[in-house]
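Here's the structure, in C-alpha cells; my notes come after.
The values are calculated or read from the model by the stated rules, or taken from the named source; none is laboratory data. Values in this document were obtained by computation on a predicted structure and should not be read as measured data. All Cβ positions, glycine included, derive from the backbone under ideal geometry; neighbour counts span all protein chains shown.
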Amino acid sequence: MSQRVLVINARAGQAERLTLALQENGHVVLATEPLTEQLETQVETLQPDLLVLDVYQPDQSMLEQISQISRRIPRPVVMFADQGDSETAAAAVDAGVHAYVVDGFDAARLASILDVAIARFRVYQTLRDELDRTRSLLRERKIVDRAKGLLMNKRGWSEEQAYRSLQKMAMDQNRRLVDVAERVIDMSELFQ
C-alpha cells in the first residue's frame, strides 16, 4: 500500500538513495527535509502517513521531538541509524519509533521494514485508544460514585437508591449518567 512519506535526513548525501528506494516501492515522498528543531511543524504542515529518519545516531533532542510528535500527531516512524546500542534503541522505541534499524538503510529490506513499522504503529494505536477509553470509563465511574456518596450522605439513601436516582435524572433530562453526576457534585459544592 502506498504511503505518503516525509523523509528526515540528518546527513548530507543519503536522502537521494532513500527517496529513490521509497519511490521504487510505490510510496510518495512528500519532502526530504534536513533534521531541524521544526520537525513537528513539518509533520503538521505536510501530514505524512509515515516518517522515515536517516541519522548517524539519534540524540536526546531528536528523540524528544519524536516523542512530542507521537503524542500530538501520531504517525508510524522508521529510523535508520549508522550507530546504535541497546540503550539508544530502547530510548528510540520509548520515544515513538516503530522500527529502529542499525547499520543504516538497505533498499532490499525497505518494504518489510516499513510493513513492520506500520503494523506496530497500528497495534500501539489500538492499545493507546483502549487505554484512553478505560481511563475515561474509570474517571466517569469515580464521578458517579462520588455523586452517589453525596446523595447517600445528604438524603440518607442506600447506594442503590442513590444510583437509581441518578439514573432517573439522566433519563428525565436525556443526559449521560456521568453528566448528571457531575452536576450533582457541582451543586453540592455550591451549597457547602
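A few comments on the model shown:
- Checking each residue in the range 161-192 for being crowded, with 17+ Cβ neighbours inside 10 Å and not in a helix (DSSP H, G or I) picks out no residue at all.
For (1) touching an Asp or Glu at 6+ places or on another chain (Cβ under 9 Å); (2) touching a residue at least 60 places away in the same chain (Cβ under 8 Å); (3) under 24 Å from Ser136 (Cβ atoms), each residue gets a yes or a no:
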position: Lys154; (1), (2), (3): no, no, no
position: Tyr163; (1), (2), (3): no, no, yes
position: Leu166; (1), (2), (3): no, no, yes
position: Ala170; (1), (2), (3): yes, no, yes
position: Arg176; (1), (2), (3): yes, no, yes
position: Arg183; (1), (2), (3): no, no, yes
position: Asp186; (1), (2), (3): no, no, yes
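- At least 1 residues being under 20 Å from the mean Cα position of the chain (by Cα) is the threshold, and among the strands (runs of 3 or more DSSP E) wholly inside the range 1-73 those reaching it are 4-9, 50-55.
Yes or no, residue by residue, for (1) surrounded by fewer than 19 Cβ atoms within 10 Å (Cβ to Cβ); (2) of a type in the set (A, V, I, L, M); (3) not assigned by TED's automatic domain parsing to the domain that holds Arg17:
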residue	(1), (2), (3)
Glu64	yes, no, no
Gln68	yes, no, no
Arg72	yes, no, no
Val77	no, yes, no
Gln83	yes, no, no
Glu87	yes, no, no
Ala92	no, yes, no
Gly96	no, no, no
Tyr100	no, no, no
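- Check on Leu138, under 30 Å from Val97 (Cβ atoms), loosely packed, with under 12 Cβ neighbours inside 10 Å and not acidic (Asp, Glu): yes
- Within the range 32-60, if we keep just the residues that are among the aliphatic types (A, V, I, L, M) and touching a helix residue (DSSP H, G or I) at 6+ places or on another chain (Cβ under 6 Å), the residue that is farthest from Ile118 (Cα to Cα) turns out to be Leu39.
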